[in-house]
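Trainee: Have a look at this one.
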2 protein chains.
Amino acid sequence: MRRIADQIGYTATAIYHHFADKDALLNELCLNDFRALGEALRQMEQLPDPIDRIRAMGVNYIKFAVNHPEQFRFMFLVERPIPGPDVITIDPAEDGYAFLLANVHEAMERGAFLPAFTDAELLAQIFWGSVHGLAVIHVTKPRDGIHPWLDLREPGESAEAMVDVVCRGVLKSTSA
Amino acid sequence: MRRIADQIGYTATAIYHHFADKDALLNELCLNDFRALGEALRQMEQLPDPIDRIRAMGVNYIKFAVNHPEQFRFMFLVERPIPGPDVITIDPAEDGYAFLLANVHEAMERGAFLPAFTDAELLAQIFWGSVHGLAVIHVTKPRDGIHPWLDLREPGESAEAMVDVVCRGVLKSTSA
DNA sequence: TCAGATAACCTAACGTCGTTAAGTAACGTG
DNA sequence: CACGTTACTTAACGACGTTAGGTTATCTGA
């Protein structure tokens with residue numbers, strides 16, 4: 001708070017006339033980042049095939065994390081009290097997960113997935129979870145001083161590989 | 001520090017005779033948790049097939065995270081200064097990642113993977129990343145107050161599904 | 001056996017942090 | 001021009017990690 005205040009040329013207490021407390025401020029910044037990520041993923045809307053969109057989203061999700069590690073950590077990894085329901089102002093229309101889920105539904109209607117996969121939400125969570133894991137690993141890299149023998153692959157390389165693997169695992173026909 | 005000291009019936013300053021500072025103490029606790037996770041994963045050693053071991057490790061990794069969310073967050077998600085090289089005392093023999101990597105190597109020698117996969121390290125990171133993502137999602141669940149429409153599947157269900165998907169994506173023959 | 005070192009622990013205090021209380025200056029509205 | 005609201009200030013509180021300095025117990029060696 002005091003450091004933010006210094007940087008913007010005010011006193012720390014001035015912030016409290018605009019935000020209830022530190023968490024409220026951080027949540028606002030966090031929502032901003034969520035919108036940025038959502039927008040980045042929504043760029044894939046132009047691709048005609050829903051599976052291609054999902055693939056591209058996966059790769060770009062990791063790219064976002066690697067390019068904005070502070071924001072990514074901030075969004076997903078920093079513990080903060082759950083904001084009150086009134087604070088949840090993020091619009092599903094600009095949410096990344098909602099977009100992913102819509103694409104899974106679309107691909108499912110086209111019969112792209114193996115017959116075993118009928119739960120779109122579960123599929124979406126598998127897609128998200130797989131790239132989320134890689135993203136988190138890359139964004140918390142320094143911690144792996146604990147695993148000095150971990151020879152981490154390039155984010156781009158592992159992202160492509162992960163997306164390929166998961167797609168081959170869920171798709172009826174493996175085009176790629 | 002003060003709260004820990006209270007709980008163990010000492011003054012806060014007493015701790016500084018046993019640990020250099022807060023980070024040193026936390027790193028020690030963290031190493032403890034890493035050993036616990038490593039041991040949990042190493043239990044799979046009894047399974048004869050390396051692929052079965054990898055599958056079971058994936059499911060148990062998520063189980064560990066869900067059963068010990070505090071520890072898991074602590075190990076992977078809490079930002080802390082990188083410990084000095086002298087502090088890295090974790091033995092590869094009791095490390096989970098090293099065990100995973102060894103199993104990937106073993107399965108690769110048996111020709112279990114599709115010919116495209118020749119990089120054992122990359123494969124290990126795909127296995128780890130996929131379940132790590134789900135684990136992180138489940139362990140940071142409260143934060144998804146931001147995604148109120150996210151209908152999170154049961155950890156066990158999504159863990160099994162993830163492991164199946166990734167295995168189908170990398171294995172030559174899909175036995176399961 | 002006893003001096004001296006070492007270890008384990010204490011109290012007091014410092015600086016930093018998030019936050020609150022109380023006050024002041026500027027501004028828009030009747 | 002009075003008046004409430006807004007934007008901001010200084011001063012201070014309590015909690016935190018940490019340090020300095022002192023006290024007591026325990027162990028070691030001549």
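Trainee: With A:Leu114, A:Leu122, A:Leu171 as the choices, which residue is modelled with pLDDT of 95 or more and within 7 Å of chain B (Cβ to nearest Cβ)?
Mentor: Within the list A:Leu114, A:Leu122, A:Leu171, the selection yields A:Leu122.
Trainee: If we scan the range B:32-40, do we find a residue that is closer than 22 Å to B:Leu77 by Cβ, surrounded by fewer than 16 Cβ atoms within 10 Å (Cβ to Cβ), within 9 Å of DNA strand D (Cβ to nearest atom) and free of Cβ contacts under 8 Å to residues at least 40 places away in the same chain?
Mentor: No, the range B:32-40 has no match at all.
Trainee: Related question: Can we say B:Asp49 is away from chain A (no Cβ under 14 Å) and more than 15 Å from DNA strand C (Cβ to nearest atom)?
Mentor: In short, yes.
Trainee: Would you mind finding the one in A:Phe74, A:Phe34 that is over 21 Å from A:Ile15 (Cβ atoms) and out of contact with any Gly (no Cβ under 6 Å at 6 or more places or on another chain)?
Mentor: A:Phe34
Trainee: Moving on. If I go through the range A:2-46 residue by residue, how many of them are at positive phi and within 11 Å of DNA strand C (Cβ to nearest atom)?
Mentor: The first filter runs over the range A:2-46 and keeps only residues at positive phi, leaving A:9.
Keeping just the survivors that are within 11 Å of DNA strand C (Cβ to nearest atom) gives none.
The qualifying residues number 0.
Trainee: Check whether at least one residue in the range A:70-79 is surrounded by fewer than 17 Cβ atoms within 10 Å (Cβ to Cβ), within 16 Å of DNA strand D (Cβ to nearest atom), at pLDDT below 95 and away from chain B (no Cβ under 11 Å), and report yes or no.
Mentor: Within the range A:70-79 (the criterion being surrounded by fewer than 17 Cβ atoms within 10 Å (Cβ to Cβ), within 16 Å of DNA strand D (Cβ to nearest atom), at pLDDT below 95 and away from chain B (no Cβ under 11 Å)), the answer is no, since none of the residues qualifies.
Trainee: Right, something else. What is the number of the single condition among (1) within 16 Å of DNA strand C (Cβ to nearest atom); (2) within 14 Å of another protein chain (Cβ to nearest Cβ); (3) not aliphatic (A, V, I, L, M) that B:Tyr61 does not meet?
Mentor: The one condition B:Tyr61 does not meet is (1).
The values are calculated or read from the model by the stated rules, or taken from the named source; none is laboratory data. Values in this document were obtained by computation on a predicted structure and should not be read as measured data. Note that each Cβ is placed from the backbone with ideal geometry, even for glycine, and that neighbours are counted across all protein chains shown.
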